[in-house]
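Reviewing the structure listed below.
The values are calculated or read from the model by the stated rules, or taken from the named source; none is laboratory data. Because the structure is predicted, anything quoted here is derived from the model rather than measured. Backbone-built Cβ (ideal geometry, glycine too); neighbour counts: all protein chains shown.
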Amino acid sequence: MSLRRIERLTHTLNLSIQSFTGNLNYPRVIEGLTRLADAVHEYEGETETMWYIGDHYECLSDLLVGAYWHCVHNHGGQSWEVYATQYAIGQVFSPGCSSEEEENQTYSNLNNMARQYHPGNALPDITPTQTNLFDTEV
């Protein structure tokens with residue numbers, strides 16, 4: 001995977017998660033987070049600066065950490081898409097002794113998006129629509 005693809009995915013997801021001006025609903029954001037984690041996992045270049053990718057919103061590392069903890073607390077089991085996203089992020093982020101950070105904007109905003117997408121206590125199994133939005137290579 002290219003660093004440019006990671007930058008594009010980070011930017012697209014930040015727009016939808018942090019500013020709510022993006023075009024992605026909650027299922028598409030979850031799909032995008034899985035693809036971002038996979039792209040980071042497959043990236044073979046220099047990683048030191050990669051973790052600081054991000055515009056005026058959260059950097060890549062904060063984005064993935066917040067998304068990981070959101071998924072931990074909001075999946076409905078191994079057959080759910082949110083669990084698959086948690087697994088994908090877990091390939092590039094190891095929580096160790098850490099815990100969710102309430103001040104992490106991604107964590108808070110994903111929780112809000114999930115509540116808006118599905119009011120109630122449990123999230124439904126989400127299956128994103130198939131489009132080429134995340135498949136475009138730059």
Expected single match for of a type outside the set (D, E, K, R), crowded, with 17+ Cβ neighbours inside 10 Å and under 17 Å from Cys71 (Cα atoms) among Leu36, Leu9 is Leu36
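Table: residues versus (1) among the charged types (D, E, K, R); (2) assigned to a helix (DSSP H, G or I); (3) in contact with a His (Cβ under 9 Å, 6 or more places away or on another chain).
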{"position": "Thr12", "(1), (2), (3)": "no, yes, no"}
{"position": "Leu15", "(1), (2), (3)": "no, yes, no"}
{"position": "Pro27", "(1), (2), (3)": "no, yes, no"}
{"position": "Glu31", "(1), (2), (3)": "yes, yes, no"}
{"position": "Ala39", "(1), (2), (3)": "no, yes, no"}
{"position": "Gly54", "(1), (2), (3)": "no, no, yes"}
{"position": "His73", "(1), (2), (3)": "no, yes, no"}
If I ask for residues that are under 16 Å from Ser94 (Cβ atoms) and either under 12 Å from the mean Cα position of the chain (by Cα) or surrounded by 19 or more Cβ atoms within 10 Å (Cβ to Cβ) (or both), which ones from the stretch 39-62 would you list?
Val40, Leu60, Ser61, Asp62
If you go through the stretch 66-73 one residue at a time, do you hit one that is surrounded by 13 or more Cβ atoms within 10 Å (Cβ to Cβ), over 17 Å from Ser2 (Cα atoms), among the hydroxyl-bearing types (Ser, Thr, Tyr) and at pLDDT 85 or above?
yes
Scanning the stretch 12-30 for residues that are of a type in the set (S, T, N, Q) and surrounded by 17 or more Cβ atoms within 10 Å (Cβ to Cβ), the one farthest from Arg115 (Cα to Cα) turns out to be Thr12
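If I go through the stretch 99-117 residue by residue, how many of them are out of contact with any helix residue (DSSP H, G or I) (no Cβ under 8 Å at 6 or more places or on another chain) and either farther than 11 Å from His70 by Cα or among the aliphatic types (A, V, I, L, M) (or both)? Steps first, please.
The initial filter retains those residues of the stretch 99-117 that are out of contact with any helix residue (DSSP H, G or I) (no Cβ under 8 Å at 6 or more places or on another chain), namely 103, 112, 115.
Of the ones still in play, those that are also either farther than 11 Å from His70 by Cα or among the aliphatic types (A, V, I, L, M) (or both) are 103, 115.
The qualifying residues number 2.
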